[in-house]
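Below: one structure, written as structure tokens.
The values are calculated or read from the model by the stated rules, or taken from the named source; none is laboratory data. Quick caveat: nothing in here was measured; it's all calculated off a predicted structure. Counting neighbours? That spans all protein chains shown, and the Cβs are built from the backbone with ideal geometry, glycine included. Areas reflect the complete protein model, heavy atoms only, side chains present, ligands, DNA and RNA absent. Shrake-Rupley method; radii C 1.70, N 1.55, O 1.52, S 1.80 Å.
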Amino acid sequence: MRTTGRLRFVWLMALVAIASLALVACRGEDEEDEEANVPGVTEDRILLGTHTPLTGSVAVYSPISKAVSAYFQYVNQEQGGVHGRRIEYLVEDDAYSPPQTVQVVTKLVEQDQIFAMLNGLGTPTHEAVLDYLEESGVPDMYIASGATRWTEPLRKTVFGFQPDYVTEGTILGTYIAESFSGRRVGLLYQNDDFGRDGIEGLKKGIGNRATVVAEVSYEAGAPDLSSQVLRLREAGAEVIGLYATPAQAGNAIGFAKQQGYNVPWVVSSVAGDFILRLLRPEQTAGIISISYLKQPYETDDPDVQKHLDILQRYGGGEQASNFTMYGQCVAELMVETLNRAGERLTRTRLVEAAESIRDWRCSLFSDGVEVNLSESDHKPLESGYIVQAEGNQWRQVGELINYESTQ
């Protein structure tokens with residue numbers, strides 16, 4: 001009986017070993033198959049793509065993709081690309097229209113055969129292709145939107161970039177509660193996940209330390225928010241929390257100033273920079289926002305100067321702004337991810353490389369701001385500074401705020 005038991009044990013161990021070897025062999029074959037059939041990757045090229053509004057109501061964002069492209073050209077020309085491969089970036093105009101986003105992204109995936117999507121811009125637009133990209137196995141890298149649905153719940157092949165709107169809104173709401181305690185607050189927002197997430201955060205941060213007297217929405221792309229501003233004024237709002245895209249934010253604040261409605265405005269970073277370019281310096285008083293980037297007018301900073309040089313040489317002389325600095329940071333992070341993925345580039349290795357990034361800084365981040373990712377956390381940025389407008393520039397208010405502390 002003992003001999004029979006020992007024989008059974010030996011046979012069992014042998015079967016386990018054989019199964020393990022077979023599993024390793026299968027994994028090896030799968031990896032070889034993946035390496036041999038990687039869309040968008042050749043010996044000398046990596047093909048990335050994006051959807052972004054180059055025309056339409058939010059074409060003000062177009063400098064972002066121009067800056068991404070410029071940085072990739074810089075890497076190609078002056079660093080020999082990544083592991084000997086040049087980066088090509090296909091930029092498709094979706095005019096901030098979800099149906100058009102579906103069309104151009106389908107083209108990028110099925111016709112152009114991109115390796116990965118990079119920095120697809122817009123909450124309503126990217127929502128239209130999120131599931132399609134995931135089902136197609138295309139890594140969805142560093143989305144240009146802070147909607148929480150990209151990262152909650154976790155999707156293995158999807159990565160955010162900027163701080164999500166709920167946590168950003170919580171910080172801004174906390175600022176309202178501490179700086180305008182007891183004031184009557186009005187909330188103005190775009191009627192989609194972008195605006196609703198931001199308003200959720202604002203209300204969370206405000207708590208019971210101020211009274212929200214009105215919540216007014218507008219539809220994406222609306223050219224005129226004057227009626228919404230008048231409703232806030234009629235409700236007696238003494239400070240306004242705003243989640244709007246740049247042109248709409250500028251329209252709302254500009255109209256309020258023209259009407260002599262001079263209340264403080266607390267706005268998302270989504271519109272922060274462009275507001276200062278849209279409005280006259282005397283109209284910007286009382287505007288508060290959040291920033292995690294250096295400013296383009298800080299030309300004594302060598303990294304800002306390098307950014308200006310890259311734009312001049314590879315970006316067609318595009319004027320520097322927070323949008324171009326944002327774009328370069330996205331490109332720098334993507335180059336870091338590709339470098340970590342190694343020469344044997346696959347989509348699986350790209351995702352694993354992104355999840356390995358810790359304590360990494362873009363050259364244009366504000367002091368202390370870092371990217372931290374992991375297998376369970378695909379939200380790269382969770383820190384920033386409160387900033388206050390002074391003419392056409394931002395001034396930091398207080399110390400670095402860690403967004404994770406708001407969770």
Has the range 184-195 got any residue that is surrounded by fewer than 21 Cβ atoms within 10 Å (Cβ to Cβ) and either among the aromatic types (Phe, Trp, Tyr) or out of contact with any Pro (no Cβ under 9 Å at 6 or more places or on another chain) (or both)? yes
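Within the bounds of the range 174-185, is there any residue that is of a type in the set (Phe, Trp, Tyr) and within 27 Å of the chain's Cα centre (by Cα)? Lay out the reasoning, then the answer.
Taking the range 174-185 as the starting set, the residues that turn out to be of a type in the set (Phe, Trp, Tyr) are 175, 180.
Applying the additional criterion that residues be within 27 Å of the chain's Cα centre (by Cα) yields 175.
So far as the range 174-185 goes, yes, one or more of its residues are of a type in the set (Phe, Trp, Tyr) and within 27 Å of the chain's Cα centre (by Cα).
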Result of the Cβ filter at 9 Å on the range 300-313, keeping first residues that are closer than 16 Å to Val68 by Cβ and partners that are of a type in the set (Lys, Arg) and in a helix (DSSP H, G or I), at least 6 apart or interchain, is Leu311/Lys66
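Please count how many residues of the range 375-388 are open to solvent by less than 30 Å² (accessible area, probe 1.4 Å), assigned to a strand (DSSP E or B) and in contact with a Lys or Arg (Cβ under 8 Å, 6 or more places away or on another chain).
Of the residues in the range 375-388, the ones open to solvent by less than 30 Å² (accessible area, probe 1.4 Å) are 378, 380-387.
Those left that are additionally assigned to a strand (DSSP E or B): 383-387.
Keeping just the survivors that are in contact with a Lys or Arg (Cβ under 8 Å, 6 or more places away or on another chain) gives 387.
Selection size over the range 375-388: 1.
Give the residue that is most open to solvent (accessible area, probe 1.4 Å), with candidates limited to residues of the range 305-333 that are touching a helix residue (DSSP H, G or I) at 6+ places or on another chain (Cβ under 8 Å) and of a type in the set (A, V, I, L, M). So that I can check it myself, show each step before the final result.
Quick first cut of the range 305-333, residues touching a helix residue (DSSP H, G or I) at 6+ places or on another chain (Cβ under 8 Å) only: 307, 310-311, 313-328, 330-332.
Of the ones still in play, those that are also of a type in the set (A, V, I, L, M) are 310-311, 320, 325, 330-331.
Working: Ile310: 3, Leu311: 4, Ala320: 23, Met325: 0, Val330: 0, Ala331: 0 Å².
Within the range 305-333, the match that is most open to solvent (accessible area, probe 1.4 Å) is Ala320.
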Testing Ala220 on (1) modelled with pLDDT of 95 or more; (2) hydrophobic (A, V, I, L, M, F, W, C); (3) in a loop (DSSP other than H, G, I, E, B), one condition comes back false. Which one is that? (1)
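Regarding Leu202, is this residue in a helix (DSSP H, G or I), among the hydrophobic types (A, V, I, L, M, F, W, C) and open to solvent by 10 Å² or more (accessible area, probe 1.4 Å)?
Details: in a helix (DSSP H, G or I): yes; among the hydrophobic types (A, V, I, L, M, F, W, C): yes; open to solvent by 10 Å² or more (accessible area, probe 1.4 Å): no.
No; evaluated as a whole, the condition is false for this residue.
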State all residues of the range 105-132 that are crowded, with 24+ Cβ neighbours inside 10 Å and among the aliphatic types (A, V, I, L, M); if no residue qualifies, say none. Val105, Leu108, Ile114, Ala116, Met117, Leu118, Val129
Only residues that are open to solvent by less than 10 Å² (accessible area, probe 1.4 Å), closer than 27 Å to Leu308 by Cα, touching a residue at least 40 places away in the same chain (Cβ under 8 Å) and in contact with a helix residue (DSSP H, G or I) (Cβ under 8 Å, 6 or more places away or on another chain): list them for the range 357-374, please. Leu364, Phe365
What's the number of the only condition in (1) open to solvent by less than 60 Å² (accessible area, probe 1.4 Å); (2) more than 20 Å from the chain's Cα centre (by Cα); (3) modelled with pLDDT of 95 or more that Glu34 fails to meet? (3)
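State the number of residues belonging to the range 60-79 that are open to solvent by less than 40 Å² (accessible area, probe 1.4 Å) and not hydrophobic (A, V, I, L, M, F, W, C). Write out each step before concluding.
Let us first name the residues in the range 60-79 that are open to solvent by less than 40 Å² (accessible area, probe 1.4 Å), namely 60-65, 67-72, 74-76.
Filter once more, so that each one left must be not hydrophobic (A, V, I, L, M, F, W, C): 61-63, 65, 69, 71, 74, 76.
Of the residues in the range 60-79, 8 are open to solvent by less than 40 Å² (accessible area, probe 1.4 Å) and not hydrophobic (A, V, I, L, M, F, W, C).
Residue-wise test of (1) surrounded by fewer than 20 Cβ atoms within 10 Å (Cβ to Cβ); (2) more than 19 Å from Val267 (Cβ to Cβ).
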site	(1), (2)
Trp150	no, yes
Val166	no, no
Ile171	no, no
Asp197	no, no
Ala210	no, no
Ala214	yes, no
Tyr218	no, no
Among (1) touching a strand residue (DSSP E or B) at 6+ places or on another chain (Cβ under 9 Å); (2) open to solvent by 20 Å² or more (accessible area, probe 1.4 Å); (3) β-branched (Val, Ile, Thr), the one test that Val82 misses: (2)
Criterion first (farther than 20 Å from Val91 by Cβ, buried (at least 18 other Cβ atoms within 10 Å of the Cβ) and without any contact (Cβ under 8 Å) to a residue 24 or more places away in the chain) does Ala341 satisfy it? yes
